[in-house]
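Participant: Below you'll find the structure I mean.
Only the coordinates and a few stated rules stand behind these numbers; no lab work does. Note that the structure is predicted; figures quoted are calculated from it, not measured. Glycine gets a Cβ as well: all are built from the backbone with ideal geometry, and neighbour counts include every protein chain shown.
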C-alpha cells in the first residue's frame, strides 16, 4: 500500500513479485489518486514511459470509500505493508485508524535512514522533528518497522517504541557480485537527470538553474578525467528519464544498470544519487561533485547523502588533477562503519527475501502487500 507514487526502480527493489512466486498472496494497492492530482502524478512519471511501478495484482483506488470498504473485507490472516508512511507526508491517518479498528497487523518501512550529523544545531532540529513526528504518528500502531543498519534501528525505535524492528540488508544496493558488463576498464558517472527529476516535478521545485551550462561543465570534467586516467567515462542513467538528445558528447550511456556498473568501475563520479551508496559496499573510490547552477534545495541533499560522510562535494569547476588523484584513495574502515550504521547491521547474514519470508511465517500470516 502506498499514498506516494512508487517508481519502477524502487518497486523492483522491493521485489513483491518474488513473494508472489513463492506462495504468498500479494496485492499492491495504489492510493496516490486520493492524495495527488492527475497533473502532479503525470509530471512525476513524465520523464520515462514505463517509470510507474505496477505491482502484483495492482489496484488503483480513486475514492476514500473504496479503500475503507477494501480494508473492511480484510481477514485476520492478512499483513499490510504501508510503504509511504514513516514520517507523515500526507493526510493518511484514516487508513491506520481503519486498520487499527480491524486489528490488522501492519508494517512500515524506514529504508532512508536520516544521516546523524555532528552539527549541534542540526542535532537540535532533528530532535525537535523527531518528537513532532512522534506526535503526528500517535494514532499509528505498527507491528513492525522494516529497515537497515544500527542507526536505522535506533531511529525507528525512537519514533515507534512499541514496534519491533526487522533488520534487512538495504534494498538500495547489490550485495552479490554482478558479472562485468564492459570488458575494458572504465570510470563511471552516476547520472541524475537535472531537467526532469521526478520528485521536483511532483512537488514543483527546481534543482538546476541552467541545465545547458551544467552539461557543458560536466563534459569538460569528463574530458579531463579521461586524460588523467587513460580510461573512458561511461554514463550510468537510472531510467527515470530517457534522453532524446546527446548530452554527454557521444559517451556510452547505459540505462537501469547503475549498481552493477558501480561494482565493476575503476572510479565513480556523482552528485548525491542513492545509487552511490554502492560505492561504500563495493569499496569504490569516487568524486562527489557540486555545480554552480545547483539550487539550494538540490545542495541540501549533500548533507543527506551517505557519501557526504566520506567527504565534501567539490565544485565541478574546481576539480584539478590533484583533486582527482586524492579521490582515488578510499577509507575502507570509515566505509565499513557507515555500511554497518546505515545499510546492514553486522549480524545480518540472510537476504532481504529470506528475512521477510521468515517474519511472515513466524507471524503465521499470508502476505497482502500494499
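Participant: With springs only between Cα atoms under 10 Å, which of 237, 213, 163 fluctuates most in a Gaussian network model of the chain?
Facilitator: Looking only at 237, 213, 163, the largest GNM fluctuation is found for 213.
Participant: Shifting gears a bit: With a 10 Å Cβ neighbour count serving as the proxy for reagent exposure, in which order, fewest first, do 244, 359, 184, 97 appear?
Facilitator: Working: 244 6, 359 19, 184 9, 97 15.
Lowest to highest Cβ neighbour count: 244, 184, 97, 359.
Participant: Between residue 116 and residue 131, what length comes free when the chain is fully extended (0.36 nm per residue of separation minus the Cα-Cα distance, one decimal in nm)?
Facilitator: Working: separation 15, 0.36 × 15 = 5.40 nm, distance 1.59 nm.
Result: 3.8 nm gained on full extension.
Participant: What's the exposure ranking of 261, 315, going from fewest to most Cβ atoms within 10 Å? All intermediate terms of the calculation are to be shown ahead of the outcome.
Facilitator: On the way: 261 23, 315 12.
Taking fewest neighbouring Cβ atoms as first place, the list is 315, 261.
Participant: Report the residue, chosen from 193, 219, 341, that carries the largest GNM mean-square fluctuation when the chain is represented by alpha-carbon nodes joined by springs under 10 Å.
Facilitator: Largest GNM mean-square fluctuation: 219.
Participant: With runs of 4+ DSSP H residues as the only contributors, calculate the mean residue ellipticity of the chain at 222 nm using -39,500 (n - 2.57) per run, divided by the residue total and rounded to the nearest 500. Present the calculation step by step, with values, prior to reporting the outcome.
Facilitator: Numbers: 15 runs with 138 residues, N = 370.
So the helix-based figure for the chain works out to -10500 deg cm²/dmol.
Participant: Classify the stretch 248-308 as rounded, prolate or oblate from the Cα gyration tensor: take a ≥ b ≥ c as the square roots of its eigenvalues, call it rounded if a/c is under 1.5, otherwise prolate when a/b beats b/c and oblate if not.
Facilitator: Values: a/c = 2.09, a/b = 1.28, b/c = 1.63.
In terms of gyration-tensor shape, oblate.
Participant: Would you work out the relative contact order for the stretch 1-117, in percent, from Cα pairs under 8 angstrom that are 6 or more residues apart? Numbers along the way, then the final one.
Facilitator: Details: 140 pairs, mean separation 35.4, N = 117.
RCO, the stretch 1-117: 30 percent.
Participant: Residue 283 to residue 224: extension gain in nm, 0.36 nm per residue of separation minus the Cα-Cα distance? Kindly include the intermediate steps, with their values, before the conclusion.
Facilitator: Numbers: separation 59, 0.36 × 59 = 21.24 nm, distance 2.34 nm.
18.9 nm is the gain from fully extending residue 283 to residue 224.
Participant: Want the number for residue 73 to residue 22: 0.36 nm per residue separation, take away the alpha-carbon distance, what's left? Before the final figure, lay out the partial values.
Facilitator: Numbers: separation 51, 0.36 × 51 = 18.36 nm, distance 2.41 nm.
Working it through step by step, the gained length comes to 16.0 nm.
Participant: Sticking with this one: For a Förster distance of 30 Å, can you work out the FRET efficiency between the beta-carbons of residue 66 and residue 303, rounded to the nearest 0.05? Write down the numbers at each step before the final one.
Facilitator: Values: r = 40 Å, r/R0 = 1.34.
Efficiency, from the Cβ-Cβ distance: 0.15.
Participant: Right, next: Quote the relative contact order of the stretch 187-342 in percent (integer), defining contacts as alpha-carbon pairs under 8 Å separated by 6+ residues.
Facilitator: Working: 229 pairs, mean separation 41.3, N = 156.
With pairs under 8 Å counted, the relative contact order is 26 percent.
Participant: Radius of gyration and Dmax for the stretch 1-127's Cα atoms, expressed in Å?
Facilitator: 16.5, 49
Participant: If each residue's Cβ is checked for other Cβ atoms within 10 Å, how do 277, 114 rank with the fewest at the top? It would help to have the intermediate numbers written out before the result.
Facilitator: On the way: 277 21, 114 15.
Fewest-to-most ranking of 277, 114: 114, 277.
Participant: Antiparallel DSSP bridges in the stretch 172-328: what percent, to the nearest 5?
Facilitator: Looking only at bridges with both residues in the stretch 172-328, the antiparallel portion is about 5 percent.
Participant: Can you figure out the FRET efficiency of residue 350 with residue 12, using R₀ = 30 Å and their beta-carbon distance, to the nearest 0.05? The partial results should precede the final answer.
Facilitator: Working: r = 20 Å, r/R0 = 0.68.
FRET efficiency, residue 350 to residue 12: 0.90.
Participant: Between the alpha-carbon centers of the stretch 51-65 and the stretch 130-203, tell me the distance in whole angstrom.
Facilitator: 22 Å
Participant: Could you identify which residue out of 303, 72, 150 has the top mean-square fluctuation in a GNM of the chain using Cα springs shorter than 10 Å?
Facilitator: Result: 72 has the largest fluctuation of those listed.
Participant: Can you pull the three principal axis extents for the Cα set of the stretch 1-58, in Å, largest first?
Facilitator: Cα spread of the stretch 1-58 along its principal axes, largest to smallest: 37, 23, 13 Å.
Participant: Hey, another quick one. What percent does the relative contact order of the stretch 185-251 come to when contacts are Cα pairs within less than 8 Å and at least six residues apart?
Facilitator: Details: 53 pairs, mean separation 34.4, N = 67.
Worked out over the stretch 185-251, it gives 51 percent.
Participant: Now, a different point. Cα extents of the stretch 187-342 along the three principal axes, largest first, in whole Å?
Facilitator: Largest to smallest, the principal-axis extents are 39, 35, 29 Å.
Participant: 7 Å from Cα along Cα→Cβ at both residue 124 and residue 102: what's the point-to-point distance in nm?
Facilitator: Each label point lies 7 Å from its Cα, and together they span 4.5 nm.
Participant: If you take the Cα atoms of the chain, find Rg, then find the Kirkwood Rh from the mean of 1/r over all pairs, what is Rg/Rh? Present the calculation step by step, with values, prior to reporting the outcome.
Facilitator: Details: Rg = 21.3 Å, Rh = 22.0 Å.
Reported Rg/Rh (Cα atoms, Kirkwood Rh): 0.97.
Participant: Report the calculated FRET efficiency for residue 184 and residue 162 (r = Cβ-Cβ distance, R0 = 51 Å), to the nearest 0.05.
Facilitator: Values: r = 54 Å, r/R0 = 1.06.
According to the calculation, E is roughly 0.40.
Participant: What is the Cα centroid distance between the stretch 316-342 and the stretch 1-31, reported in whole angstrom?
Facilitator: 35 Å
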